[in-house]
Amino acid sequence: MSPSTSRTIPTAIPAAPPTEEYDEDYQINRTLQFVRLVVAIQAALLPVRYAIGGHLALRLYDPLWDMGLPSETSRATKPSIVCPLATRDVLPSWAAASHKAFLFNPKQPDCLGVRVGERYVAVAIQWVDDCEFDRPGLLYEIDQTHTIYNFVNDNNDAYSIQLDMAPPILSLKSLLQQIAVAYIETKSGSSSTVASKSEQSSLGYQVNACLRLLILQMAPDNQFLRPYEIPAIHDPTFLGLYYTNFGTRVRIAVSTPLVRELDGCRGLGVLGIVFLIDA
């Protein structure tokens with residue numbers, strides 16, 4: 001592996017692109033496209049209260065987590081942010097004042113377009129109650145990641161990219177709650193279609209990625225996810241769906257649901273269910 005090199009991505013906004021159509025298939029699993037989108041979101045939404053969520057947030061926590069996964073796009077892999085409801089009324093004014101750094105149509109409030117080079121990338125918006133946003137202990141906590149990210153390219157060469165600011169993202173527990181809710185919602189869709197199977201599979205891998213990151217973050221004597229912290233993973237629909245897709249990684253605890261070693265893996269205890277995390 002060659003010595004690590006460092007790159008700084010400029011935050012200057014380029015000239016306005018010729019079209020205002022949204023790109024719905026932007027590939028954030030490609031490193032430079034992912035970084036450019038994060039930089040563009042930071043520059044465009046500087047006055048906006050928001051947090052990055054979903055697949056994009058997972059890549060900020062662990063830039064290498066999805067290496068080797070299929071690259072097809074679905075709703076589960078598209079970039080998304082979380083915003084408090086009070087922001088919705090002022091977002092059109094901020095969009096107008098952004099010099100077309102981002103677009104927002106009040107008639108389509110669940111999405112905005114962020115300018116990345118010569119295109120506008122569609123970024124989904126999840127609106128949440130103001131009282132639940134960015135407050136410790138609630139469902140939509142905000143965390144700050146780092147400004148330097150390490151990557152490996154196709155030739156296995158290591159390099160790093162430095163951002164001007166640490167992007168605001170959902171905390172790991174809030175992110176797991178968000179992804180688990182989306183995972184549950186795939187149950188009500190048509191499981192016979194290729195798109196829904198791809199989406200469900202992607203969300204399942206995102207759930208596992210959150211669990212792995214959480215177990216590294218939590219103290220060994222306190223690896224227990226309580227219902228008030230992440231209610232979605234205590235939902236019977238979630239547990240049934242997760243067991244169906246990842247049955248070999250789930251065990252029913254026969255006694256007090258404490259964290260323990262099972263089959264050579266460490267686990268997170270949840271109401272008598274132990275999620276196994278590969279060692």
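The values are calculated or read from the model by the stated rules, or taken from the named source; none is laboratory data. Not measured: the values here are computed from a predicted model. Note that each Cβ is placed from the backbone with ideal geometry, even for glycine, and that neighbours are counted across all protein chains shown.
Pick from K173, K197, K187: which is modelled with pLDDT of 85 or more and charged (D, E, K, R)?
Numbers: K197 fails: modelled with pLDDT of 85 or more; K187 fails: modelled with pLDDT of 85 or more.
None of the other options fit; the residue is K173.
Got a sec? Which of V90, V114, V82 is without any contact (Cβ under 8 Å) to a residue 12 or more places away in the chain, within 23 Å of I169 (Cβ to Cβ) and either crowded, with 20+ Cβ neighbours inside 10 Å or in the same structural domain as I52 (by TED's automatic domain parsing) (or both)? Give the steps one after another, and end with the answer.
Numbers: V114 fails: without any contact (Cβ under 8 Å) to a residue 12 or more places away in the chain; V82 fails: without any contact (Cβ under 8 Å) to a residue 12 or more places away in the chain.
After ruling out the rest, the residue left standing is V90.
If a residue must be of a type in the set (S, T, N, Q), modelled with pLDDT of 55 or more and part of a loop (DSSP other than H, G, I, E, B), how many such residues does the stretch 68-86 contain?
Applying the first criterion (of a type in the set (S, T, N, Q)) to the stretch 68-86 yields 71, 73-74, 77, 80.
After this cut, where a residue has to be modelled with pLDDT of 55 or more as well, the list is 74, 77, 80.
Filter once more, keeping what is part of a loop (DSSP other than H, G, I, E, B): 74.
The total comes to 1.
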Using the structure shown, decide if L214 is under 20 Å from the mean Cα position of the chain (by Cα), surrounded by 19 or more Cβ atoms within 10 Å (Cβ to Cβ) and modelled with pLDDT under 80. no
If only one of L112, L91 is in contact with a Phe, Trp or Tyr (Cβ under 6 Å, 6 or more places away or on another chain) and over 12 Å from Y22 (Cα atoms), which one is it? L91
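Rundown of residues vs (1) in contact with a Leu (Cβ under 6 Å, 6 or more places away or on another chain); (2) modelled with pLDDT of 90 or more; (3) under 19 Å from A43 (Cβ atoms), yes/no style:
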{"site": "D66", "(1), (2), (3)": "no, no, no"}
{"site": "N105", "(1), (2), (3)": "no, yes, no"}
{"site": "V116", "(1), (2), (3)": "yes, yes, yes"}
{"site": "R135", "(1), (2), (3)": "no, no, no"}
{"site": "Q144", "(1), (2), (3)": "no, no, yes"}
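Does Y140 qualify as being modelled with pLDDT under 95, within 23 Å of L32 (Cβ to Cβ) and of a type in the set (F, W, Y)? First the steps, then the outcome.
Working: modelled with pLDDT under 95: yes; within 23 Å of L32 (Cβ to Cβ): no; of a type in the set (F, W, Y): yes.
Against the criterion (modelled with pLDDT under 95, within 23 Å of L32 (Cβ to Cβ) and of a type in the set (F, W, Y)), Y140 does not qualify.
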